[in-house]
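Below is one structure, written out as structure tokens; the observations come after it.
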Amino acid sequence: MGPGCEMVEELASALVASHAPLMVCTGAGVSLASGIPTFRGTDPGAVWTADVTTMGTNRFFQKNPVESWRWYLGRFDGLEEKLPNPAHRALVALESWKREGERLRNFMLVTQNIDGLHVAAGSRAVVEVHGSARHVRCVRPGCVNAAPEGMLPRDEVDLDAFRAAPDVGTLPRCPACSALVRPHVLWFDEYYGDHQSYQYAAVQVAAGQVGLLLFVGTSFSVGLTESLLRGARGRGIPVWTIDPSTDAAPLGVRRVNAAAEVALPALVELVQG
Ligand SMILES: [Zn+2]
């Protein structure tokens with residue numbers, strides 16, 4: 001698989017030798033091969049562009065739900081047609097491998113991606129810490145569809161009427177209480193702790209027990225990666241990243257310099273021996 005090959009072998013050996021829990025934290029690089037542009041940064045077609053810090057906020061939704069939904073659908077409507085790629089499938093296989101025998105339950109996949117592709121691929125212990133574009137939730141606190149177990153699949157609310165004629169009267173509404181629904185994603189003026197289903201507390205607890213932390217396709221630019229990295233350094237556990245970027249990896253992080261859809265299948269093949 002090219003220049004990253006030796007490092008993949010080293011990472012595989014580290015995984016095989018470790019009987020401690022494994023945490024994998026994925027970012028946009030995992031979904032690139034599914035045709036989803038990165039959500040930040042300067043890539044052509046980046047979904048998070050200049051307008052995001054004003055439009056992708058709860059403040060904007062409160063002020064102008066019609067424009068907020070229009071903006072959101074304009075950016076994310078294509079996501080549901082995207083399919084998992086070999087990187088997603090390799091992580092399903094890695095989870096199965098890690099769950100075998102004495103390694104049982106020692107695996108957590110934390111993703112910053114909102115595309116839902118890890119779940120679609122079949123990953124089980126997956127936390128979508130920034131939410132999922134495939135779901136909406138009711139904005140009325142206390143409604144069953146505002147609770148973590150009441151997330152609505154997006155196709156269960158009527159978005160066609162709004163698409164045809166975006167207006168206050170056609171805004172998508174909660175089937176239980178008729179309040180507005182909103183995308184179930186973490187907006188830029190919100191915190192991980194704002195909604196239980198982001199499971200940020202559970203991630204922190206799990207992070208305190210892992211024996212190896214593996215980042216895949218992330219640019220280390222969000223609060224999540226920072227806090228995981230800080231925790232791992234504090235505990236002195238090995239930290240790896242799979243990323244084709246030419247930027248220097250953060251201090252103390254070992255890097256497999258290859259694309260996720262190349263390195264992860266190679267890694268799984270090696271650990272399965
Ligand atoms: Zn409701």
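Values quoted throughout were computed directly from the atomic coordinates according to the rules given, and no laboratory measurement underlies them. Model, not experiment: these values are computed from the prediction. Please note: Cβ atoms are built from the backbone with ideal geometry, for glycine as well, and neighbour counts cover all protein chains shown.
Between the stretch 229-273 and the stretch 47-89, how far is it from one alpha carbon centroid to the other, in angstrom?
If we compute the Cα centre of each part, the gap is 29 Å.
Just rank THR53, THR111, fewest to most, by other beta-carbon atoms within 10 angstrom.
Details: THR53 13, THR111 30.
Going from sparsest to densest Cβ surroundings: THR53, THR111.
Taking N as the number of residues in the stretch 118-273, what is its Cα Rg relative to 2.2 N^0.38 Å? Provide the component values of the computation, followed by the final result.
On the way: Rg = 19.3 Å, N = 156, 2.2 N^0.38 = 15.0 Å.
Relative to the rule-of-thumb radius for its length, the stretch 118-273 sits at 1.29.
Report the calculated FRET efficiency for GLU6 and GLN272 (r = Cβ-Cβ distance, R0 = 22 Å), to the nearest 0.05. It would help to have the intermediate numbers written out before the result.
Working: r = 19 Å, r/R0 = 0.86.
It comes to 0.70.
Given contacts defined as C-alpha pairs under 8 Å and at least six residues apart, what's the relative contact order of the chain, whole-number percent? Mind showing how you got there, number by number?
Numbers: 468 pairs, mean separation 73.5, N = 273.
Normalised by residue count, the contact order of the chain is 27 percent.
By per-residue mean of other Cβ atoms within 10 Å, what is the highest-first order of 117-127, 162-172? Don't skip to the answer; put the middle values down first.
Details: 117-127: 19.5, 162-172: 13.8.
The densest-packed peptide leads the list: 117-127, 162-172.
Within the stretch 171-186, what residues put their amide N at less than 11 Å from the label point 7 Å along the Cα-to-Cβ vector of ASN58?
Of the residues in the stretch 171-186, 186 have backbone N under 11 Å from the label point off ASN58.
Restrict the search to the stretch 176-266; then list the chymotrypsin sites (Phe, Trp or Tyr not before Pro) that DSSP places in a loop and that have at most 13 other Cβ atoms within 10 Å of their Cβ.
Working: sites: TRP187, PHE188, TYR191, TYR192, TYR198, TYR200, PHE215, PHE220, TRP240; in loops: TRP187, PHE188, TYR191, PHE220.
The qualifying sites are TYR191.
With N set to the number of residues, divide the alpha-carbon radius of gyration of the chain by 2.2 N^0.38 Å and report two decimals. Write down the numbers at each step before the final one.
Details: Rg = 19.3 Å, N = 273, 2.2 N^0.38 = 18.5 Å.
In units of the 2.2 N^0.38 Å rule of thumb, it is 1.04.
When the C-alpha atoms of the stretch 119-180 are aligned to their principal axes, what extent does each axis show, in angstrom, from largest down?
39, 27, 17
FRET efficiency for THR246 and ARG163, Cβ-Cβ distance as r, R0 = 45 Å, nearest 0.05? Write down the numbers at each step before the final one.
Details: r = 41 Å, r/R0 = 0.90.
Computed FRET efficiency for THR246 and ARG163 comes out at 0.65.
Starting from the stretch 64-134, pick out the GluC sites (Glu not before Pro) whose DSSP state is loop and whose Cβ has at most 16 other Cβ atoms within 10 Å. Mind dumping the intermediate values first?
On the way: sites: GLU67, GLU80, GLU81, GLU95, GLU100, GLU102, GLU128; in loops: GLU100.
Those that pass, being in a loop and sparsely packed, are GLU100.
With the Cα gyration tensor of the stretch 83-143 giving a ≥ b ≥ c as the square roots of its eigenvalues, does the rule (a/c under 1.5 for rounded; else a/b larger than b/c for prolate; else oblate) give rounded, prolate or oblate? Provide the component values of the computation, followed by the final result.
Working: a/c = 3.37, a/b = 1.74, b/c = 1.94.
Because a/c hits 1.5 or more and a/b fails to exceed b/c, the stretch 83-143 counts as oblate.
Grab the eigenvalues of the alpha-carbon gyration tensor for the stretch 64-206, scale each by 5, take roots, and send me the semi-axes largest first in whole angstrom. Mind dumping the intermediate values first?
Numbers: eigenvalues 190, 60, 30 Å².
Ellipsoid half-lengths, sorted descending, are 31, 17, 12 Å.
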